[in-house]
Amino acid sequence: MQTPYKRVMSALRGEKPDKIPFTVYSEKLPQCSVERELRNRGLCPVKRITSYKYYTPNVKETACHYTDEQGRNLIRTVYSTPYGDLSTLVEPAGFTSWVHERMFKTPEDYKALLFMFKDTVVEPDYDAAAQTVADLGEDFVVRDNMSLEPMQSLISSTYIGMEAWCMEWMERQDEILKLYEARVEISRKIYPLVANGPLEFANYGGNVVPQIIGPKVFREYYMPHYNEAAEILHKKSKLIGCHFDADNTTIMDAIAETDLDYIEAYDPGMSPSVSEARKIWPDKVLWLNWPSAWHLRPVDEVRSATVGLIEEAAPCNGFIIGITEDVPEERWRGNYIAIMDGIDGAAG
């Protein structure tokens, strides 16, 4: 019987392991008796880290933690640059956080953002990454994470945000492209560090919303970076994938043209079905997010839906079922067990 780690790595290489891997982000798997039962049955937590670190030596960062009149725990962070201050307001929310204010507020902030990006220093952090692998052993897989795609970093992070990006893309595209080019240079510092690091595979960005950026922007400003990074990682026998968790209908063919090895967090509840994805991406590993909306179904339907996904993926080489999103607290125990029951039933 394969270890959880070997089962996942076998699937990531396009092989058919002894049974379909079931993975959960480690932050979404609370320690308890059910967690122990599932891990005994082969569930593999995914630990997400980076093999590098970065900092901005000439940007002063000051954070203030406080509770507002609504009882919310907030963090106000100020970034001081020679071109003025930028600030964010963030509300931690467990695994994620609510961003109430992003750095970009007016066109006057472009110069400060550009300075911050150009000031970024990236360095390896290999010892810490290797220690994580050694500590977790073959019960886990440890995944490297490259930064968001240069354009996506402006959209999904605390820099600009989706709504402001849409407006600025229409009104001040030249300014956006200056920031984009600066982010490209940061990404190009990261590729070789990940390629030469101790981890075997890495996600590059993700959370792309095709309905916002459109296929043209995706082809022009996203695809070349996947391929550039893949060329560097493949020379060191590293695998590369992307977290495509939105409705990918309009970019399925474009994704097929990339050199990505695997597609992670794919949600067939929003995107085309598993069988359709396998037809369009015959040479890519399909790593699902078990559809988030389906977690509200009765437990027996969760099991049967899992069996249905497996049947669509046949012969199931290069196929992984994962959990990459929050599951309602009152549902995750029963649903995770039902998913594992479906996998074990298919293996039997």
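Values quoted throughout were computed directly from the atomic coordinates according to the rules given, and no laboratory measurement underlies them. Everything quoted here is computed from the prediction, not taken from an experiment. Note that each Cβ is placed from the backbone with ideal geometry, even for glycine, and that neighbours are counted across all protein chains shown.
Taken as Cα centroids, segment 9-73 and segment 274-307 sit 21 Å apart, rounded to the nearest whole angstrom. Using alpha carbon coordinates only, what is the Rg to Rh ratio of segment 60-204, with Rh defined as the Kirkwood radius? Rg/Rh for segment 60-204 comes to 1.02. When each of the peptides 155-168, 58-71 is scored by how many other beta carbons lie within 10 Å of its residues on average, the order from highest to lowest is 155-168, 58-71. Dividing the convex hull volume of the alpha-carbon atoms in segment 57-103 by its residue count gives 81 Å³ per residue. The mean of 1/r over all distinct Cα pairs in segment 271-318, once inverted, gives the Kirkwood hydrodynamic radius of 11.5 Å.
Peptides 230-238, 2-10 ranked from most to least packed give 2-10, 230-238, packing being the mean of other C-beta atoms within 10 angstrom over each peptide's residues. Extents of the chain, largest first, come to 64, 48, 40 Å (Cα atoms, principal axes, whole angstrom).
Under the criterion of Cα pairs below 8 Å and six or more residues apart, the relative contact order for segment 57-103 equals 27 percent. The long axis of helix 173-195 is offset from the longest Cα principal axis of the chain by roughly 50 degrees.
Relative contact order for the chain: 19 percent, from Cα pairs under 8 Å spaced at least 6 residues apart, divided by residue count. The order of the peptides 174-184, 192-202 by mean Cβ neighbours within 10 Å, most packed first, is 192-202, 174-184. Counting only alpha carbon atoms, the long axis of helix 162-171 and the longest principal axis of the chain meet at about 50°. Normalised by residue count, segment 238-348 yields a Cα convex hull volume of 99 Å³ per residue.
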